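Undergrad: My structure is below; once you've seen it, I'll send some questions.
The values are calculated or read from the model by the stated rules, or taken from the named source; none is laboratory data. Treat the numbers as computed from the prediction; the structure is a model and nothing was measured. Glycine gets a Cβ as well: all are built from the backbone with ideal geometry, and neighbour counts include every protein chain shown.
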Amino acid sequence: MQTVSENKKANNIAEYIIYMYQMEDLIRSYQGNPVEIKTFVVEKYPVPEEEKDKIADWYLTLLHKMKSQDILEKGHLDELNSIVAELAQIHWNLLKTDPAYFEAYSKTKPFLIEAVMQAEGQDLGNEIQICLNGIYGLLLCRLLGKKVSDEQLKSADAYGAILSTLSYHYKVKNAISKN
């Protein structure tokens with residue numbers, strides 16, 4: 001799990017965020033019960049015992065963070081919120097400087113507006129959070145076997161274009177800052 005998350009974090013930050021949202025929800029589905037997480041999640045991995053111990057440690061560390069940040073019922077880890085804020089900053093900078101990105105955003109904006117209107121006053125966060133939630137919502141629908149509308153697919157494509165570009169720029173920015 002740690003290896004999967006580290007790989008996603010290094011290569012596609014949007015995928016990493018969505019993956020971590022899944023892990024948060026998985027932990028919530030067991031009400032943060034470490035015994036159930038070990039029994040029903042970790043023990044199902046077809047790996048040697050020492051690998052299961054590492055996987056269990058990763059889940060329990062994540063559980064501890066969720067408890068300490070009081071997000072066991074809802075919300076996201078501070079680390080993820082910080083990354084989303086950083087992606088939003090990259091988004092705003094690209095809107096001002098990159099005509100191709102602005103064009104992709106223009107195609108996405110109607111879906112963002114629709115999401116805000118459907119929220120009926122609920123705070124959905126910034127535009128990048130809305131994109132992430134849209135992609136994650138589509139993933140959940142598919143995992144639960146729910147029918148996905150053509151409109152959901154169109155919005156997911158638009159959100160994906162934005163998130164893909166932001167992930168690329170995030171990766172470049174972090175590579176430059178490491179050097």
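Undergrad: What do you reckon, is Val4 at pLDDT below 95 and surrounded by fewer than 17 Cβ atoms within 10 Å (Cβ to Cβ)?
TA: For Val4, the condition - at pLDDT below 95 and surrounded by fewer than 17 Cβ atoms within 10 Å (Cβ to Cβ) - is met.
Undergrad: Mind counting the residues in the stretch 11-56 that are over 21 Å from Glu79 (Cα atoms), in contact with a helix residue (DSSP H, G or I) (Cβ under 8 Å, 6 or more places away or on another chain) and of a type in the set (Val, Ile, Thr)?
TA: Within the stretch 11-56, residues that are over 21 Å from Glu79 (Cα atoms), in contact with a helix residue (DSSP H, G or I) (Cβ under 8 Å, 6 or more places away or on another chain) and of a type in the set (Val, Ile, Thr) number 4.
Undergrad: Sort out which residues of the stretch 66-87 are farther than 21 Å from Leu124 by Cβ and surrounded by 12 or more Cβ atoms within 10 Å (Cβ to Cβ), and write them in order of number.
TA: Met66, Lys67, Leu72
Undergrad: List the residue pairs whose Cβ atoms are under 7 Å apart, where the first residue sits in the stretch 8-23 and is over 14 Å from Ile162 (Cβ atoms), the second is hydroxyl-bearing (Ser, Thr, Tyr), and the two are 6 or more positions apart or on different chains.
TA: Pairs found: Lys8/Tyr16; Lys8/Tyr19; Lys9/Tyr16; Tyr16/Ser5; Tyr19/Ser5; Met20/Ser5; Tyr21/Tyr136.
A quick yes/no check of all residues on (1) assigned by TED's automatic domain parsing to the domain that holds Ile18; (2) within 15 Å of Ala156 (Cβ to Cβ); (3) of a type outside the set (Ser, Thr, Tyr); (4) not in a helix (DSSP H, G or I):
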{"residue": "Ala88", "(1), (2), (3), (4)": "no, no, yes, no"}
{"residue": "His91", "(1), (2), (3), (4)": "no, no, yes, no"}
{"residue": "Lys96", "(1), (2), (3), (4)": "no, no, yes, no"}
{"residue": "Ser106", "(1), (2), (3), (4)": "no, no, no, no"}
{"residue": "Ile113", "(1), (2), (3), (4)": "no, no, yes, no"}
{"residue": "Met117", "(1), (2), (3), (4)": "no, no, yes, no"}
{"residue": "Gly121", "(1), (2), (3), (4)": "no, no, yes, yes"}
{"residue": "Ile128", "(1), (2), (3), (4)": "no, yes, yes, no"}
{"residue": "Gly137", "(1), (2), (3), (4)": "no, yes, yes, no"}
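Undergrad: Moving to a separate point now. Pull up the stretch 1-59, narrow it to residues that are β-branched (Val, Ile, Thr) and not in a helix (DSSP H, G or I), then point me to the one that is farthest from Leu143 (Cα to Cα).
TA: Among them, the one singled out is Val47.
Undergrad: Still on this structure: Would you check if Leu63 is assigned to a helix (DSSP H, G or I), surrounded by 15 or more Cβ atoms within 10 Å (Cβ to Cβ) and not assigned by TED's automatic domain parsing to the domain that holds Asp25?
TA: In short, no.
Undergrad: Looking only at the stretch 69-84, decide whether some residue is modelled with pLDDT under 95, assigned to a helix (DSSP H, G or I) and small (Gly, Ala, Ser).
TA: Scanning the stretch 69-84 turns up no residue that is modelled with pLDDT under 95, assigned to a helix (DSSP H, G or I) and small (Gly, Ala, Ser).
Undergrad: Give me the pairs, please: first residue somewhere in the stretch 75-97 and under 18 Å from Glu15 (Cα atoms), second residue anywhere and β-branched (Val, Ile, Thr), beta-carbon distance under 6 Å, and either six or more positions apart or on two chains.
TA: Partner pairs satisfying both residue conditions: Leu80/Ile17; Val84/Ile128; Leu87/Ile128; Ala88/Ile128; His91/Ile128.
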